[in-house]
Amino acid sequence: MTQELSYDIVVVGAGPAGSSAAFSAAKLGHRVALVEKEETVAQTVRTSGVTWMDSIKEFEIPEYCYNPVKNYGFCSPNNEVVISGKIAMAAVLDVRKTYRWLAEKAQKQDVELFLNTTITGAARDQHGITLSATSPNGEISFHCKIVIDASGFQTIVGKSLGLTTQWKRFGAGAEYEVEAENADPDTWWLMVGQDYSPAGYAWIFPLGGKIVRIGVGVGKPESPLDPTERLKEIIEKKLGPIAKLGKITPIEFHYGLIPNDGLSRKTVYDNLILVGDTAGQANPLVLEGIRYAIRFGRVAGETAANAIHRGDLSEKSLISYEENWKKAIQSKINSASKVQARWIGLSDQEWDKELDIIRELSIDEFLDFIKADFGLASIVKMAVSHPKLAVRQLFNIVKGATGK
Ligand SMILES: Cc1cc2nc3c(=O)[nH]c(=O)nc-3n(C[C@H](O)[C@H](O)[C@H](O)COP(=O)(O)OP(=O)(O)OC[C@H]3O[C@@H](n4cnc5c(N)ncnc54)[C@H](O)[C@@H]3O)c2cc1C
């Protein structure tokens, strides 16, 4: 027999977007269910977990959840640059600890967490939306006023309602978490060029102690390459900075997909909000989306809660969510997409030269660049008055103007 359950808001997916949305909706006094298909939160890790110290402080992520990083290495086939800071500006998250901390925060606000429960379909009804789910205890129907679809790449609710289609452009990433004899916990590496990835990059991200994550990301459909195969090859060949790691002992394998279609999706409908990867909210330069998932997850939860308070569940009533996140990141993502378009076409020789340009950036300029954290004013400033011509030209491309 199907169990019938009713909530004000049902959030699908206990990733960073879903747990954050559930937390903020429940904080405003609503009955919220958070539904996750895996047996535990973050049972499967699908991400490398790099984020930024300013976001960590903003979200008050506890220290036991991350390893701070202050040196940023970038290497191409015949060039290398390491930009170092006095204090750590970036960090690598322990993904399981962080995602569980977020889900526990939601539970402390009385969110009901359903684990091992898979949403299989969605239909509109007179009160809102009914979600069908399977669980070890049988079928469940979740009735609610508003659904927040935070199911990540799959976008189960958006697809079931016929509102979204599969992402056409996306990144596929494979990664080993390993113990490395000579791991340097303060330094990360981004590795570019054909041998690492013909459309993307490879990485070494330190987790603290002797643990690092070595990975390869490949843009689809630009390249047919299997990132797992390439990852095994570069580890076997000990390419570039991998050689410095010494003996490598694999601990765990991670694999994931991330949308790379820009901000192409509509993210609010009557009774429905899309957030995180379902909304395509990722920085296209390095395909990082965790901080956006948390930030806009919170906004999505608040927006849904306020709409219920007002008794208006229409798209118009929820549109402030879309306005909020677009105001915050749309122009940055569009600028970063221009750099991504340039980077995806670079040959090995051109990458070697690109690193000479990157070397000219100050640490703040470099990090704002990688974070896609440039406002129009800072792009224009760099394009007009940076002392180095090559940097001015790079930022003219970002600006979309003709460089001089
Ligand atoms: C290889 C790789 C490396 C990355 N590295 C970084 C990085 O270094 N830094 C960074 O910021 N970002 C990185 N990202 C991106 C980042 O992982 C995502 O942007 C982020 O996880 C988005 O969070 P989310 O909550 O929207 O989705 P997800 O984290 O994907 O969470 C979705 C949740 O929904 C659940 N779910 C799915 N379908 C259903 C269903 N039918 N029923 C119930 N539950 C369901 C899933 O099990 C999952 O728990 C990387 C991505 C990949 C693929």
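The values are calculated or read from the model by the stated rules, or taken from the named source; none is laboratory data. Note that this is a predicted model, so its numbers are computed, not measured. No Cβ is skipped: glycine too gets one built from the backbone with ideal geometry, and neighbour counts run over all protein chains shown.
A few notes on this one:
- Some residue of the stretch 39-46 being more than 15 Å from the ligand (Cβ to nearest atom) and touching a Lys or Arg at 6+ places or on another chain (Cβ under 9 Å): no
- Every residue from the stretch 214-272 that is more than 30 Å from ILE308 (Cβ to Cβ) and among the hydroxyl-bearing types (Ser, Thr, Tyr): SER223, THR228, THR249, TYR255
- In the stretch 79-96, the residue that is surrounded by the most Cβ atoms within 10 Å (Cβ to Cβ) out of those that are farther than 16 Å from LYS57 by Cα and not β-branched (Val, Ile, Thr) is ASN79.
- Boolean, ARG265 is part of a loop (DSSP other than H, G, I, E, B) and not hydrophobic (A, V, I, L, M, F, W, C): yes
- Residues in the stretch 130-156 that are more than 10 Å from the ligand (Cβ to nearest atom) and either within 18 Å of LYS266 (Cα to Cα) or not assigned by TED's automatic domain parsing to the domain that holds ILE319 (or both): 3 in all.
Rundown of residues vs (1) in contact (Cβ under 8 Å) with a residue 24 or more places away in the chain; (2) surrounded by 16 or more Cβ atoms within 10 Å (Cβ to Cβ); (3) away from the ligand (no atom under 15 Å from the Cβ), yes/no style:
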{"site": "THR228", "(1), (2), (3)": "yes, yes, no"}
{"site": "LYS232", "(1), (2), (3)": "no, no, yes"}
{"site": "LYS238", "(1), (2), (3)": "no, no, yes"}
{"site": "ALA243", "(1), (2), (3)": "no, no, yes"}
{"site": "LYS247", "(1), (2), (3)": "yes, no, yes"}
{"site": "TYR255", "(1), (2), (3)": "yes, no, no"}
{"site": "ILE258", "(1), (2), (3)": "yes, yes, no"}
{"site": "ASP261", "(1), (2), (3)": "yes, no, no"}
{"site": "LYS266", "(1), (2), (3)": "yes, no, yes"}
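- Contact map, the stretch 285-296: first residue assigned by TED's automatic domain parsing to the domain that holds TRP101 and surrounded by 24 or more Cβ atoms within 10 Å (Cβ to Cβ), second residue assigned to a helix (DSSP H, G or I) and of a type in the set (Asp, Glu), Cβ cut-off under 9 Å, separation 6 or more or different chains; pairs are GLY289/ASP277; ALA293/ASP277; ILE294/GLU58.
- Among residues of the stretch 121-140, those that are loosely packed, with under 15 Cβ neighbours inside 10 Å, touching a residue at least 60 places away in the same chain (Cβ under 8 Å) and more than 19 Å from ALA14 (Cβ to Cβ), counted: 3
- Qualifying residue in the stretch 319-328 (condition: away from the ligand (no atom under 14 Å from the Cβ), of a type in the set (Lys, Arg), within 26 Å of GLY162 (Cα to Cα) and within 24 Å of the chain's Cα centre (by Cα)): yes
- Candidates ASP149, ASP125, ASP54: the one that is in contact with a Ser or Thr (Cβ under 6 Å, 6 or more places away or on another chain) and not aliphatic (A, V, I, L, M) is ASP149.
- Residue match in the stretch 54-67 (condition: touching a Gly at 6+ places or on another chain (Cβ under 7 Å), assigned to a strand (DSSP E or B) and not assigned by TED's automatic domain parsing to the domain that holds ILE156): yes
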